[in-house]
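Report on one structure; see the data block that follows.
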Amino acid sequence: MRVAPSPQFTSERRLDDGVLERAFLLDGIPGYLWTPEATPDTAPAPLVLIGPPPLGLPKTYARLAGRARHYAARYGFAAATIELPGSGDRPRWEAAEQARAALRRAIQAGEPVGPDLVDALVLPLVDKAAPEWRTALDALLALPGIGGPVGYEGGLISLGVRLAATEPRIAAAGLFAGSRIPAAVVEEARTVTIPLLVLLQWDDEGNDRQEALDLFDAFASREKTLHANLGGHTGVPAHELDAGARFFARHLRGGGR
């Protein structure tokens, strides 16, 4: 029987909305955990894993913390995130750096981004990150005050697909639509059956709309909802935060709030 590793908490602060924020290291991987105020009679909090974009936690902290604090303070969820391989303060990853450089060159030259480049850019990252998120899930669910079921939401949609397809403890997922999706990930999407909420920015300058719609069509979930809003990549309407929280409340608690 595998023993779950324990997170090493490196800082702790009580925020003005009552949420407890703790930074941690898990096998050297940085992360954050946000938990709601609790009493001795409080039931264990459902957990929402928040996947960051591959920009590094220092750059995306405000966005991630804002969502996590909303979930914890208003809905009573615990929320957590960990750093992606090769991002933020984690060691540089040469293969990932080379793939990103090749992508930049293709875009600057106005060349199409072919499937081989997409595979090199995305699949090694997903293959490396998914086991780390499972380890984090082991560690977080072993902490007092946190229990299942578990939700996942995140910006790197290929990682979200992998976890939704292979991690049975994840009961529902909120995914942020993107493109440059490997064919292998589309095939994995055909095995996803958990409830899904997918956010799509209709005018996203960095993503191919049709590719995002094709991926949504591939999911095998009987309950899958697409929220499409006008605007670019960073223009997600504020009301989608509550829409996502109510989605998780239905599937992690069995009812909305």
Checklist entry - Has the stretch 123-137 got any residue that is part of a loop (DSSP other than H, G, I, E, B) and either buried (at least 19 other Cβ atoms within 10 Å of the Cβ) or of a type in the set (Ser, Thr, Tyr) (or both)? => result no
Checklist entry - Regarding GLY160, is this residue free of Cβ contacts under 8 Å to residues at least 60 places away in the same chain and of a type outside the set (Phe, Trp, Tyr)? => result no
Item to check | Test: residue in the stretch 80-89 that is within 20 Å of ALA130 (Cα to Cα), of a type in the set (S, T, N, Q) and either in contact with a Lys or Arg (Cβ under 6 Å, 6 or more places away or on another chain) or without any contact (Cβ under 8 Å) to a residue 60 or more places away in the chain (or both) | outcome: yes
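Quick check on my filter: what residues within the stretch 104-137 are farther than 30 Å from ARG22 by Cα and in contact (Cβ under 8 Å) with a residue 24 or more places away in the chain?
Step one: filter the stretch 104-137 for residues farther than 30 Å from ARG22 by Cα, giving 104-121, 123.
VAL113, PRO115, VAL118, ASP119, ALA120, LEU121, LEU123 - these are the residues of the stretch 104-137 that are farther than 30 Å from ARG22 by Cα and in contact (Cβ under 8 Å) with a residue 24 or more places away in the chain.
For the stretch 55-79, what are the residues that are among the aliphatic types (A, V, I, L, M), in contact (Cβ under 8 Å) with a residue 12 or more places away in the chain and farther than 19 Å from PRO7 by Cβ?
If the condition is that a residue be among the aliphatic types (A, V, I, L, M), in contact (Cβ under 8 Å) with a residue 12 or more places away in the chain and farther than 19 Å from PRO7 by Cβ, then LEU55, ALA73 are the ones that fit.
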Item to check | Test: PRO36 is buried (at least 18 other Cβ atoms within 10 Å of the Cβ) and either more than 24 Å from VAL161 (Cα to Cα) or in contact with a Ser or Thr (Cβ under 7 Å, 6 or more places away or on another chain) (or both) | outcome: yes
Checklist outcome for this item: The number of residues in the stretch 241-255 that are in contact with a strand residue (DSSP E or B) (Cβ under 6 Å, 6 or more places away or on another chain) and either among the β-branched types (Val, Ile, Thr) or more than 26 Å from GLU188 (Cα to Cα) (or both) is 0
Item to check | Breaking point among (1) crowded, with 19+ Cβ neighbours inside 10 Å; (2) out of contact with any Leu (no Cβ under 9 Å at 6 or more places or on another chain), for PRO168 | outcome: (1)
Checklist entry - Going through the stretch 160-216 one residue at a time, which ones are in contact with a strand residue (DSSP E or B) (Cβ under 6 Å, 6 or more places away or on another chain), farther than 20 Å from LEU84 by Cα and of a type in the set (A, V, I, L, M, F, W, C)? => result ALA171, ALA172, ILE194, LEU196, LEU197, VAL198, LEU199, LEU200, TRP202, ALA212, PHE216
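Yes/no per residue for (1) surrounded by fewer than 18 Cβ atoms within 10 Å (Cβ to Cβ); (2) touching a Gly at 6+ places or on another chain (Cβ under 6 Å):
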site	(1), (2)
LEU196	no, no
ASP208	yes, no
LEU213	yes, no
PHE219	no, no
ARG222	yes, no
THR225	yes, no
GLY231	yes, no
PRO237	yes, no
LEU252	no, yes
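Determine which member of the set ARG22, ARG90 is touching a strand residue (DSSP E or B) at 6+ places or on another chain (Cβ under 8 Å) and either in a loop (DSSP other than H, G, I, E, B) or of a type in the set (Val, Ile, Thr) (or both). So that I can check it myself, show each step before the final result.
Values: ARG22 fails: either in a loop (DSSP other than H, G, I, E, B) or of a type in the set (Val, Ile, Thr) (or both).
Within the list ARG22, ARG90, the selection yields ARG90.
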Checklist entry - Inside the stretch 225-247, can you point out the residues that are under 17 Å from the mean Cα position of the chain (by Cα) and over 25 Å from ARG74 (Cβ atoms)? => result HIS233
Checklist entry - Given the conditions (1) buried (at least 20 other Cβ atoms within 10 Å of the Cβ); (2) more than 21 Å from LEU163 (Cβ to Cβ), which single one is not true for GLN108? => result (1)
Checklist outcome for this item: Flagged pairs (Cβ under 7 angstrom, 6 or more apart or on separate chains; first in the stretch 175-204, among the basic types (Lys, Arg); second surrounded by fewer than 17 Cβ atoms within 10 Å (Cβ to Cβ) and part of a loop (DSSP other than H, G, I, E, B)) are ARG180/VAL113; ARG190/ALA220
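Rule-based calculations on the coordinates, nothing more; no lab input. Given the structure is predicted, the values throughout are model-derived calculations rather than measurements. Heads up, the Cβs are rebuilt from the backbone with ideal geometry, glycines too, and the neighbour counts pull from every protein chain shown.
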